[in-house]
Amino acid sequence: MISVAGVAPLRLALAVLAIVGPAGGCVAGQERPTTAVDPLSGLPTWEGHAPEVFDDNIEPAAVGFSLDGPSPRSDRFLRERAQTADVVARVRVSTVTVDSIGEQSTYHLAVHIIDAPLATPRVADRAFELHIRPTSRAFGVAKAVDARLRGLTFIAFIRRFAGEAGEPEFHWHLSPDTAEVTAAVKEAVVLGELSSP
């Protein structure tokens, strides 16, 4: 039996399904290159299409750089991130550390999940260390905001990939912690669940 509180989300999901069709929200139904899998770890490699989706980036609007950011629904990778990430959740940055070697700096963000995940997690971890290297897309944001990242909250999309020697490494994307992003993520997750076999 469905509770009264569960009727509205169910109606929304059914309405969306009726509009887009059963495969409309399914990442598997979209045409894109397949992801290579590392034979040692069984994890996907971070190459090809993967660096576009899990781009080690912080959206500028998430740190207040842009008040008129694009709608989450216009993010062409949001649905795919929500459906393929190992963790999709609200996170808070607990510490920011910087390792510097000469002119090169690498930022390390320790983040932890602060609410119930927005999708069923595929890993048991609730805390992660996200690396921002000089080549990372988030480097400019991290350098500009620096230690003020501590305490900020984001909607995080985190996925494990095979590292250089086959060991797991995390790649990620941080979106603004807003009701609009949360709603778009929940919608993408429901669509993925409804269209999976």
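The values are calculated or read from the model by the stated rules, or taken from the named source; none is laboratory data. No experiment lies behind these values; they were computed from the predicted model shown. Positions of Cβ are backbone-derived with ideal geometry, glycine not excepted, and every protein chain shown enters the neighbour counts.
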Among the residues in the stretch 41-60, are any modelled with pLDDT under 90 and within 17 Å of residue 122 (Cβ to Cβ)? yes
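Is it the case, given these coordinates, that residue 66 is surrounded by fewer than 18 Cβ atoms within 10 Å (Cβ to Cβ), more than 17 Å from residue 157 (Cα to Cα) and free of Cβ contacts under 8 Å to residues at least 24 places away in the same chain?
Numbers: surrounded by fewer than 18 Cβ atoms within 10 Å (Cβ to Cβ): yes; more than 17 Å from residue 157 (Cα to Cα): yes; free of Cβ contacts under 8 Å to residues at least 24 places away in the same chain: yes.
Yes.
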Just to be sure I understand the filter: pairs with C-beta atoms under 7 Å, separated by 6 or more residues or on different chains, first member in the stretch 121-144 and among the acidic types (Asp, Glu), second member surrounded by fewer than 17 Cβ atoms within 10 Å (Cβ to Cβ). Which pairs pass? 129/108; 129/110
Long-range neighbours under 7 Å by Cβ, at least six apart or interchain, first residue in contact (Cβ under 8 Å) with a residue 40 or more places away in the chain within the stretch 145-158, second of a type in the set (Phe, Trp, Tyr) and in a strand (DSSP E or B): 156/172; 157/172; 158/128; 158/170; 158/172
Residue that is surrounded by 13 or more Cβ atoms within 10 Å (Cβ to Cβ), within 22 Å of residue 72 (Cα to Cα) and more than 14 Å from the chain's Cα centre (by Cα), where the choices are 142, 156, 119, 162: 142
Qualifying residue in the stretch 71-88 (condition: under 11 Å from the mean Cα position of the chain (by Cα), surrounded by 12 or more Cβ atoms within 10 Å (Cβ to Cβ), among the polar types (S, T, N, Q) and part of a helix (DSSP H, G or I)): yes
